[in-house]
Every structure is written in C-alpha cells, then in structure tokens.
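In what follows, a single structure is set out as structure tokens and then discussed.
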Amino acid sequence: GADPARRHFMKNSALAGLAGAAGLALAGCGRKSDLGGAEGAAGHDGERQREHGKHEAASDHVPPGQLDEYYGFWSGGQSGEVRVMGLPSMRELMRIPVFNPDFTIGWGITNESKRVLGANFPPGGDCHHPHMSQTDGHYDGRYIFINDKAHTRVARIRCDVMRTDRIIDVPNVQSIHGLRVQRAPRTGYVFANGEFMVPAPNDGHDLEDPKKYQTMFSAIDGDTMDVAWQVLVDGNLDNTEADYAGKYAISTCYNSEGGLDLPGTMQAERDWAVVFNIARIEEAVKNGKFKTIGDSKVPVLDGRHGSSFTLYIPIPKNPHGINASPDGKYVVANGKLSPTVSVIEWSRIDDCFAGKLKDPRDTVVAEPELGLGPLHTAYDGRGNAYTTLFIDSQIAKWNIADAIAAHGGKKVNYLRQKVDVAYQPGHCHTSMGESRDADGKWLVSLNKFSKDRFLPTGPMHPDNDQLFDISGETMKLVADGPVYAEPHDVILLHRRLLIDKVKKSWDREDPFFAETVAMAKKHGVNVLSDSKVIREGRKVFVYMTSAAPIFSLGSFKVKKGDEVTVVVTNIDAVEDVSHGFCIVNYGINMEISPGATASATFTADKAGVFWYYCTFFCHAMHMEMSGRMLVEA
Ligand code: CUK
Ligand code: CUA
Ligand code: CA
C-alpha cells in the first residue's frame with residue numbers, strides 16, 4: 001500500500017489546486033472524505049473483506065506463448081493514436097496511428113493514409129474516447145470510433161485490419177470531447193459533444209459577446225461518416241452516453257453558467273445533463289424543421305430550454321462522466337465538484353418526455369455520496385458500480401439497488417468498498433462493462449499521476465493504469481501499468497469478439513489501397529507482377545514489388561524537380577513478413593504488409609544517388625534489401 005503521509009499530501013495538494021484556482025473552499029467535504037478512506041470503510045467492508053479473504057487475486061501473468069483473454073483499446077490522448085493492449089498482461093500489442101503522423105508505417109506519408117487524413121492535415125490530435133460499434137447492446141467487432149478534441153474531428157478504425165479508415169471534420173462546433181455510440185438497434189449513430197462555446201458562425205463577429213457563444217450535440221452516421229444532424233444546446237457539453245433502447249443520448253454540461261474562466265464555470269450549485277430524444281429529432285429533420293449554418297449542409301435543430309427535443313436534468317456540480325448501467329435501466333452522472341453521483345432512471349425519462357413527470361429532477365432515483373471528485377463510473381454486471389474519485393485517489397465500489405433504497409429513506413449502506421489507487425484516477429473501465437455482456441472480471445483505473453510508482457523519467461511522469469481483479473467481493477490490485485501520455489479512456493473486450501475477425505494479410509480487393517491499384521490499372525500495370533517506370537510530363541510513376549529480400553527494381557532514374565510516385569506491392573504471402581520502403585534523406589517511409597500495396601508521392605528536389613531500403617527486418621538478407629533512386633541534375 002501507499003505511504004499514508006504521501007497520500008495525505010497528494011489529496012491536499014489536489015484540493016489546494018482546485019480551491020486556489022477558483023477561490024473556493026472545499027474544506028467541508030475534505031474532512032469527511034478523510035474518514036471515508038480504505039481504512040475508514042473498515043466497519044462495514046472490513047468484515048466483508050475478512051470474510052472473503054480467501055479469494056486470491058487473479059494474476060496478470062500470461063505465460064510465454066499464451067494469449068491474453070482480453071483486448072484493450074486505449075486512447076492515446078494528445079499522441080493522437082490508439083494503443084492495443086492485451087489483458088490481463090497489460091502488454092502493448094500494437095499502436096494504431098489515427099490523428100498522428102507516424103513514420104513507422106508512413107501514416108501521413110503514404111497516399112493511402114493521406115486519403116484518410118485529408119489534405120493539409122494538422123500535426124496531430126487529442127483523442128479521449130474509443131468506443132466499439134454495437135448491435136443490440138453487444139459489441140459487434142466492426143469499428144472503433146474516437147474523438148479529436150484538438151481539431152474537432154471524429155475518426156473510425158476498422159477492426160479487421162486495425163487501421164483508421166475515415167476521419168471527418170465536425171462543422172459548426174469547436175472541440176469534440178465526449179463520444180459514444182448508439183447501442184440499439186445498432187451503431188448507427190456516433191454521438192459527439194462540442195465542448196467549447198463559440199459564436200456561430202465563428203467568422204470574427206461577436207468575439208466579445210459571450211451571450212452569442214453556443215455549442216451543439218452532433219450525431220454522425222457511423223456507416224457513411226456523414227454528420228446526420230446537430231442540436232443546439234444551452235451551456236457546454238462534456239461527456240456523452242447512450243441508452244440500451246436506442247431512444248436517447250445524454251450529455252453532461254459543466255458550464256451551464258456560460259463562464260469564460262474557471263471561477264465562471266463554478267458559480268451554479270447545479271449544472272445539468274441534457275437528454276436528446278432521437279425519434280423526435282429524426283422526425284423534425286425528416287419534416288425539414290431545421291436550419292443550416294454557413295457552408296455546412298448539416299441539419300441543425302434548436303434544442304435549447306423549452307425544446308421538445310431535449311430534457312435538461314439539473315445535476316450537482318460541474319458533472320463530468322456519464323455512464324449507463326449494463327442492465328439498461330440507469331445512467332449515472334458523476335458530480336466532480338460534488339461528492340455525489342446522480343442515478344437517473346431511463347424509464348423516468350420516458351415519463352418526463354410524455355409529460356407524466358413535472359420536474360426533470362424526478363428522473364433522479366438516487367444521489368449517493370461517494371467521496372471527493374467523482375469522475376467516471378464502471379459496472380460489473382452484478383449490480384455494483386465503481387466510481388473513480390480523483391481528489392481522494394480512490395475507487396468507490398457501491399451497489400446501485402442499495403443506493404436507490406437509501407435515497408428512498410431506507411437505512412442501508414450502499415458503499416461496498418473503497419480502494420486506494422496511485423494516484424488521481426480519471427476513467428475506470430470494466431471488462432465488457434459498457435455492453436450487455438459486462439462480465440465483472442477486470443477493472444482498469446486510469447490514473448493521471450504515477451508519482452513514485454516507477455523509475456524516475458525526468459519531470460514528466462508516465463500515467464499509471466492499474467489493473468484490479470473485481471471478480472470477488474472485494475477489489476484486488478493486481479498490477480501497475482505505466483503508459484505514455486495521456487490516455488483518458490479504454491475499452492476492454494473479450495478476445496472472442498475479434499480473434500477470428502482480424503486479418504493476417506491484406507485482401508487484394510481491400511478498399512484501403514483500391515484507388516492506388518485503379519491508378520496502376522489505368523497505366524496498364526499489374527501491381528502483382530510488373531516493375532515499370534512510367535513518365536507523364538513531369539510526373540513519374542514507379543511500380544515495383546517486394547518479396548524478401550528484394551525489391552523488383554534495383555534502381556530507377558528521375559529528373560530533379562519531377563513529381564515521383566513510388567508504388568510498392570508486397571507479394572510475400574507469408575504471415576508476418578512486412579516490408580518497409582524508406583528513401584534515405586527524402587523523408588519517405590512506408591510499411592507494406594503481406595498482400596498490401598502502398599504508395600508515396602514526393603518531389604525529387606535533390607539531385608544525386610539516394611538509396612532506398614527495407615525498414616522491416618524481413619529476412620536474413622534484410623540489410624541487402626535495397627536499391628538506388630538516381631536523380632539527374
Ligand atoms: S475525459 Cu479525460 S478523465 Cu476526456 Cu473522458 Cu474524464
Ligand atoms: Cu524487406 Cu526487410
Ligand atoms: Ca458549472
């Protein structure tokens with residue numbers, strides 16, 4: 001366990017930071033939470049722990065040669081990538097470049113990746129929320145969607161090849177933060193929150209008039225990656241979630257005040273969660289009851305207070321995460337500056353939209369007090385919830401039914417356990433926990449601080465993603481996992497969802513490089529067999545194949561100033577024999593895995609002899625897998 005003195009320091013410094021910045025005192029709650037620590041919970045839960053002390057924590061050890069039982073898809077934060085990990089080993093298996101140029105595979109260099117990234121793509125992205133497509137509340141293994149907070153984009157990753165295949169800009173808003181998928185009947189929509197409020201259109205007018213600032217909730221068609229519709233809201237939008245019936249999406253708002261600085265966002269005792277009525281919105285769009293903004297063709301509806309499309313549920317205070325329980329009954333908004341979470345019952349949202357409930361607050365069926373800084377909640381499928389407490393550096397395990405009973409006046413303790421984490425957790429996530437198949441085996445706590453848990457690495461520390469066994473009555477810490485900045489969220493998926501779907505070589509008909517193959521065809525080139533150099537004015541097309549350990553062209557000649565397109569097709573059908581194609585001093589590298597065609601276009605702006613070589617160690621004679629580009633002055 002952690003040294004109590006150090007934990008105390010961490011808690012106080014986090015509190016001081018918050019209070020100092022905002023000119024607020026949170027001391028009243030602080031005292032209380034000191035009693036609510038792991039030690040403090042002993043009365044009720046200590047007994048339980050002793051009683052069930054025989055339950056040994058499961059091991060994170062996966063013996064050599066054996067496979068992990070779970071896939072984890074980790075957001076890479078401002079690295080812009082998604083990381084594929086195995087669980088329980090927490091071994092990193094692969095990285096999927098999404099918004100980030102990556103020299104490893106030539107992401108941002110190859111023509112195929114530039115078709116995904118778009119022209120003039122920015123230097124990276126800030127991705128927080130990876131979510132897999134679902135069908136009837138079950139993960140379906142098709143796609144993973146992820147947001148880019150830094151450039152207001154949403155990306156789609158194909159699960160069969162684990163590669164990004166679409167990236168879109170979301171119009172009319174600034175910064176996509178919260179992202180979730182429609183669970184039923186299927187995905188369907190990808191729901192995306194616009195976080196920062198700006199004038200609309202944001203064209204240089206109304207700069208100093210915050211009353212004209214606004215943001216919107218967006219629904220993207222996950223099949224076509226078109227923005228289907230947007231709904232204008234009051235306040236800003238933080239995280240979002242969807243129900244299990246396909247009727248609603250719901251987003252938290254921490255800035256109902258419309259504040260422009262930190263104190264400004266903390267004035268109100270309650271902000272809100274806003275519910276979107278999908279059927280009513282679709283109906284209005286169908287009937288043309290929308291406007292468009294500027295050049296954008298996206299239908300925009302007005303969902304501000306008084307609209308029939310939305311419901312504003314008051315939630316204390318600056319709520320952050322919002323998480324639906326896998327039984328399909330509840331959704332929990334996490335209070336952040338309030339020590340509570342608010343349990344909302346979906347069926348009461350039905351009632352409220354039907355006019356049967358007067359007060360939107362009546363949709364809240366419990367508001368358990370858990371500790372300081374509740375941010376996100378996960379579920380085990382056995383009726384328990386696990387909420388991260390950022391300021392307390394803990395996870396609170398609590399029972400949903402007991403919290404509802406307590407809210408109704410019954411004398412029951414809904415708290416099951418509090419465990420210390422190291423330190424300051426953001427999201428936590430359970431195995432299969434965001435689907436009907438929540439299996440309650442593992443929980444990962446994504447801790448923002450690692451402090452003293454790893455060898456020092458300079459002023460910047462890794463995050464610490466801690467693995468807990470939650471299969472028994474009590475949570476048990478199994479492993480610490482250092483990770484590069486700055487994951488926010490993760491999904492943990494049983495391997496059965498993907499293990500037979502993931503391709504081990506590229507299908508020659510794959511759309512990822514179909515445009516390149518079509519170009520070759522127009523040149524009369526069969527990319528599987530031809531080695532050809534074709535000139536069209538100042539444009540030169542160089543076609544070759546790769547088969548360990550040779551490129552089919554040992555050299556090719558161009559003139560200085562030519563626009564050169566090199567197209568390489570890997571005809572090695574052997575699993576795992578990827579080749580690379582790097583031109584020295586030319587900033588070109590691309591990966592060509594079995595069955596793939598890859599291409600890169602550049603200007604031959606330097607005369608001379610430039611060697612190209614293979615960057616993947618593919619063969620005993622890999623060092624010899626090279627050739628020369630001859631650039632005539
Ligand atoms: S957010 Cu980062 S800890 Cu972007 Cu889901 Cu809560
Ligand atoms: Cu091909 Cu190394
Ligand atoms: Ca607020």
### Query
Do you know which residues across the range 235-268 are more than 21 Å from VAL331 (Cα to Cα), in contact (Cβ under 8 Å) with a residue 40 or more places away in the chain and more than 9 Å from ligand 3 (Cβ to nearest atom)?
GLY258, LEU260, LEU262, PRO263
## Note on the structure
Condition set assigned to a loop (DSSP other than H, G, I, E, B) and at pLDDT 95 or above, scope the range 284-293, selection least open to solvent (accessible area, probe 1.4 Å): answer is GLY288
### Message
Condition check: closer than 30 Å to ALA58 by Cα and in contact with a Leu (Cβ under 9 Å, 6 or more places away or on another chain). Does PRO462 satisfy that?
### Response
no
#### Entry: Subset tally (residues that are of a type outside the set (Gly, Ala, Ser) and either farther than 25 Å from ASP507 by Cβ or within 16 Å of ligand 3 (Cβ to nearest atom) (or both)) for the range 585-616
12
### Task
Would you check which residues across the range 520-544 are without any contact (Cβ under 8 Å) to a residue 12 or more places away in the chain and either in contact with a Cys (Cβ under 9 Å, 6 or more places away or on another chain) or closer than 24 Å to VAL116 by Cα (or both) and list them?
LYS521, LYS522
### Summary
With criteria (1) in contact with a strand residue (DSSP E or B) (Cβ under 6 Å, 6 or more places away or on another chain); (2) in a loop (DSSP other than H, G, I, E, B), HIS376 comes up short on (2)
### Query
From the set of residues in the range 589-615 that are among the β-branched types (Val, Ile, Thr) and open to solvent by 10 Å² or more (accessible area, probe 1.4 Å), which is farthest from ligand 1 (Cβ to nearest atom)?
VAL609
### Task
Could you identify the single residue in SER471, SER445 that is in contact with a Leu (Cβ under 9 Å, 6 or more places away or on another chain), in contact (Cβ under 8 Å) with a residue 40 or more places away in the chain, hydroxyl-bearing (Ser, Thr, Tyr) and over 18 Å from ILE144 (Cβ atoms)?
SER445
### Members of the range 159-169 found to be open to solvent by 10 Å² or more (accessible area, probe 1.4 Å) and either assigned to a loop (DSSP other than H, G, I, E, B) or of a type in the set (S, T, N, Q) (or both), listed by number
ASP160, VAL161, MET162
### Message
Take the residues in the range 312-339 that are open to solvent by 20 Å² or more (accessible area, probe 1.4 Å) and closer than 22 Å to LEU446 by Cβ; name whichever of them is farthest from ligand 3 (Cβ to nearest atom).
### Response
PRO339
### Task
Could you list, in sequence order, all residues of the range 66-120 that are at pLDDT 95 or above and at positive phi?
GLY77, GLY80, MET90, GLY106, GLY108, GLY118
### Message
So in the range 216-234, with the set limited to residues that are away from ligand 3 (no atom under 16 Å from the Cβ), open to solvent by 10 Å² or more (accessible area, probe 1.4 Å) and in contact with a Phe, Trp or Tyr (Cβ under 8 Å, 6 or more places away or on another chain), which one is farthest from PRO171 (Cα to Cα)?
### Response
ASP221
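This table checks each residue for (1) more than 24 Å from the chain's Cα centre (by Cα); (2) not in a strand (DSSP E or B).
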{"position": "LEU237", "(1), (2)": "no, yes"}
{"position": "TYR244", "(1), (2)": "no, yes"}
{"position": "LEU260", "(1), (2)": "yes, yes"}
{"position": "PRO263", "(1), (2)": "yes, yes"}
{"position": "ALA268", "(1), (2)": "yes, yes"}
{"position": "ASP271", "(1), (2)": "yes, no"}
{"position": "VAL274", "(1), (2)": "no, no"}
{"position": "GLU282", "(1), (2)": "yes, yes"}
### Query
Which of the residues spanning the range 370-384 are closer than 14 Å to THR430 by Cβ, over 21 Å from the mean Cα position of the chain (by Cα) and surrounded by 23 or more Cβ atoms within 10 Å (Cβ to Cβ)?
ASN384
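A quick yes/no check of all residues on (1) in a strand (DSSP E or B); (2) of a type in the set (S, T, N, Q):
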| residue | (1), (2) |
| --- | --- |
| ARG156 | yes, no |
| GLY178 | yes, no |
| ASN202 | no, yes |
| ASP206 | no, no |
| PHE217 | yes, no |
### Query
Hey, among LYS410, LYS448, which residue is open to solvent by 40 Å² or more (accessible area, probe 1.4 Å), within 27 Å of ASP238 (Cα to Cα), away from ligand 3 (no atom under 16 Å from the Cβ) and charged (D, E, K, R)?
LYS448
### Task
Just give me the residues in the range 121-154 being of a type in the set (S, T, N, Q), farther than 23 Å from GLN174 by Cβ and either surrounded by fewer than 24 Cβ atoms within 10 Å (Cβ to Cβ) or free of Cβ contacts under 8 Å to residues at least 40 places away in the same chain (or both), in sequence order.
SER133, THR135
### Query
Which residues, counting only those in the range 451-492, are within 16 Å of ligand 1 (Cβ to nearest atom), open to solvent by 40 Å² or more (accessible area, probe 1.4 Å) and charged (D, E, K, R)?
GLU486
#### Entry: Residue, nearest to ligand 1 (Cβ to nearest atom), within the range 340-369, restricted to residues that are open to solvent by less than 10 Å² (accessible area, probe 1.4 Å) and not in a strand (DSSP E or B)
PRO368
### Query
What strands (runs of 3 or more DSSP E) lie completely within the range 64-120 and have 1 or more residues being among the hydroxyl-bearing types (Ser, Thr, Tyr) and open to solvent by 10 Å² or more (accessible area, probe 1.4 Å)?
70-75
### Query
Any idea how many residues of the range 244-275 are farther than 19 Å from GLU208 by Cα and either of a type in the set (Ser, Thr, Tyr) or surrounded by 23 or more Cβ atoms within 10 Å (Cβ to Cβ) (or both)?
13
### Message
Please count how many residues of the range 616-633 are closer than 15 Å to VAL568 by Cα and open to solvent by less than 50 Å² (accessible area, probe 1.4 Å).
### Response
4
### Task
Confirm whether ARG496 is assigned to a loop (DSSP other than H, G, I, E, B) and either at positive phi or of a type in the set (D, E, K, R) (or both).
no
### Message
I'd like to know if the range 294-306 contains one or more residues that are under 25 Å from the mean Cα position of the chain (by Cα), at pLDDT 95 or above and open to solvent by 10 Å² or more (accessible area, probe 1.4 Å).
### Response
yes
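The values are calculated or read from the model by the stated rules, or taken from the named source; none is laboratory data. In this text, all values refer to a predicted model and were calculated from it rather than measured experimentally. We place every Cβ from the backbone using ideal geometry, glycine too, and count neighbours over all the protein chains shown. Note: accessible area is taken over every heavy atom of the protein model, side chains too, but ligands, DNA and RNA are not part of it. Shrake-Rupley method; radii C 1.70, N 1.55, O 1.52, S 1.80 Å.
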